[in-house]
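The values are calculated or read from the model by the stated rules, or taken from the named source; none is laboratory data. Computed from a predicted model, the values in this text were never measured in an experiment. Heads up, the Cβs are rebuilt from the backbone with ideal geometry, glycines too, and the neighbour counts pull from every protein chain shown. Calculation scope for accessible area: heavy atoms of the full protein, side chains included, ligands and nucleic acids excluded. Shrake-Rupley method; radii C 1.70, N 1.55, O 1.52, S 1.80 Å.
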Amino acid sequence: QVQLVESGGDLVQAGGSLRLSCAASGSILSINFMGWYRQAPGKQRELVAGITSVVSTNYLDSVKGRFTVSRDYAKNMVYLQMSSLLPKDTAVYYCVADVRTGVTTGLKTYWGQGTQVTVSS
């Protein structure tokens, strides 16, 4: 019913910037939360940044001041603006959304396919 499609991953030098985009489509009544996780080789997946329908945001401590998450409510899209990138930011980045598809149903979590971000030194 719901599909998340990410774009924007790339190879970039340390200190550079990237913007990731994620579009949700399908049978969407409302989205309560949209955000970004990442997973580096040999490490567990971690929440990088998220934004809710209340327009509140949260960030992983290590990216505060460097990354900015934003959302286009009308288009069901979420973005992650990444600046001052570091090699430790190298990971597969996944878009996630908590979606309500029906009036009588609860929230369900959907995941994107992931997009590779590689930061070279």
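Going through the range 27-70 one residue at a time, which ones are assigned to a loop (DSSP other than H, G, I, E, B) and among the hydrophobic types (A, V, I, L, M, F, W, C)?
Once the filter is applied, which keeps residues that are assigned to a loop (DSSP other than H, G, I, E, B) and among the hydrophobic types (A, V, I, L, M, F, W, C), the range 27-70 yields Ile28, Leu29, Ala40, Val54, Val55, Leu60.
Return the residues of the range 69-85 that are surrounded by 15 or more Cβ atoms within 10 Å (Cβ to Cβ) and over 19 Å from Ala24 (Cα atoms); say none if nothing qualifies. Listed by number, the residues that qualify are Met82, Leu85. The number of residues in the range 8-19 that are open to solvent by less than 60 Å² (accessible area, probe 1.4 Å) and either at negative phi or over 15 Å from the mean Cα position of the chain (by Cα) (or both) comes to 6.
Only residues that are open to solvent by less than 40 Å² (accessible area, probe 1.4 Å) and at pLDDT below 95: list them for the range 49-58, please.
Here is the first cut: in the range 49-58, the ones open to solvent by less than 40 Å² (accessible area, probe 1.4 Å) are 49-52.
The one that is open to solvent by less than 40 Å² (accessible area, probe 1.4 Å) and at pLDDT below 95: Thr52.
Please work out if Asp61 is surrounded by fewer than 19 Cβ atoms within 10 Å (Cβ to Cβ) and either touching a residue at least 12 places away in the same chain (Cβ under 8 Å) or of a type in the set (S, T, N, Q) (or both). In short, no.
Can you confirm whether Val92 is more than 12 Å from the chain's Cα centre (by Cα), part of a strand (DSSP E or B) and over 12 Å from Gly8 (Cβ atoms)? So Val92 does not fit the description; no. The number of residues in the range 89-107 being without any contact (Cβ under 8 Å) to a residue 60 or more places away in the chain, surrounded by 12 or more Cβ atoms within 10 Å (Cβ to Cβ) and of a type outside the set (Val, Ile, Thr) comes to 2. Note on the range 20-48: residues that are among the hydroxyl-bearing types (Ser, Thr, Tyr), open to solvent by 50 Å² or more (accessible area, probe 1.4 Å) and under 20 Å from Gly8 (Cα atoms) amount to 2.
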